[in-house]
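Let me begin by presenting the structure, written as structure tokens, before commenting on it.
The values are calculated or read from the model by the stated rules, or taken from the named source; none is laboratory data. Just so it is clear, the structure is predicted and the values come from calculations on it, not from any experiment. Reconstructed Cβ throughout: ideal geometry from the backbone, glycine too, with neighbour counts over all protein chains shown. Each accessible area value is taken on the protein alone, full model and side chains, heavy atoms only, with ligands, DNA and RNA left out. Shrake-Rupley method; radii C 1.70, N 1.55, O 1.52, S 1.80 Å.
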Amino acid sequence: MRLVLNDPLAEVRVTLTAEGGSCARARQVVREAAASWGLSEDLTDDAQLVVTELVSNGIDHGEGPITLSVSRKPAGMLVEVHDESSKQPQLRPVNPNSARGRGMQLVQALSARWGTTPGARGKVVWAELEA
């Protein structure tokens, strides 16, 4: 898949299934959108890590299909992941003995801002990344 965006502020939206391969697909979407928008490699790398965590969280804790939206913003990009669960993501203290539980900590560290927006059918977890 190769993205060609004529509108510099075009939103890219894809529906993902709740399976492991969806994280790789989400990274590909982010990488290709960032390249088409001329964003830096550092921002692209951070956005790929953030989208992996958000999609993974949606797979592990959400319900229904997952919708990924990526939008160009003046200072970077906005990544949004929608699932059909109202359960909110939690920032948990890191347990050094666990290989898991660092996802939202990474999202917070790499994003300029992040949050959740409840909806009629689930929620959107979003992160803004800036150059």
- Query: With L43, L49 as the choices, which residue is assigned to a helix (DSSP H, G or I), in contact with a Gly (Cβ under 8 Å, 6 or more places away or on another chain), in contact (Cβ under 8 Å) with a residue 12 or more places away in the chain and of a type outside the set (G, A, S)?
  - Reply: L43
- Where residues in the range 37-57 are within 10 Å of the chain's Cα centre (by Cα) and open to solvent by less than 10 Å² (accessible area, probe 1.4 Å), which of them is farthest from T116 (Cα to Cα)? A47
- Within the range 28-36, identify whether any single residue is closer than 26 Å to Q88 by Cβ and open to solvent by 30 Å² or more (accessible area, probe 1.4 Å), and answer yes or no. no
- Task: Determine whether the range 85-96 contains at least one residue that is touching a Cys at 6+ places or on another chain (Cβ under 9 Å) and open to solvent by less than 50 Å² (accessible area, probe 1.4 Å).
- Result: no
- Subset of the range 58-73 that is touching a residue at least 12 places away in the same chain (Cβ under 8 Å) and more than 22 Å from W37 (Cα to Cα) - its residue that is most open to solvent (accessible area, probe 1.4 Å): E63
- Subset of the range 84-121 (residues that are within 13 Å of G58 (Cβ to Cβ) and modelled with pLDDT of 95 or more): V107, T116
- Message: I'm checking my understanding of the structure. Among residues of the range 58-73 that are among the aliphatic types (A, V, I, L, M) and under 9 Å from the mean Cα position of the chain (by Cα), which one is nearest to V14 (Cα to Cα)?
- Response: L68
- Task: Give me a count of the residues in the range 23-40 that are of a type in the set (S, T, N, Q) and modelled with pLDDT of 95 or more.
- Result: 2
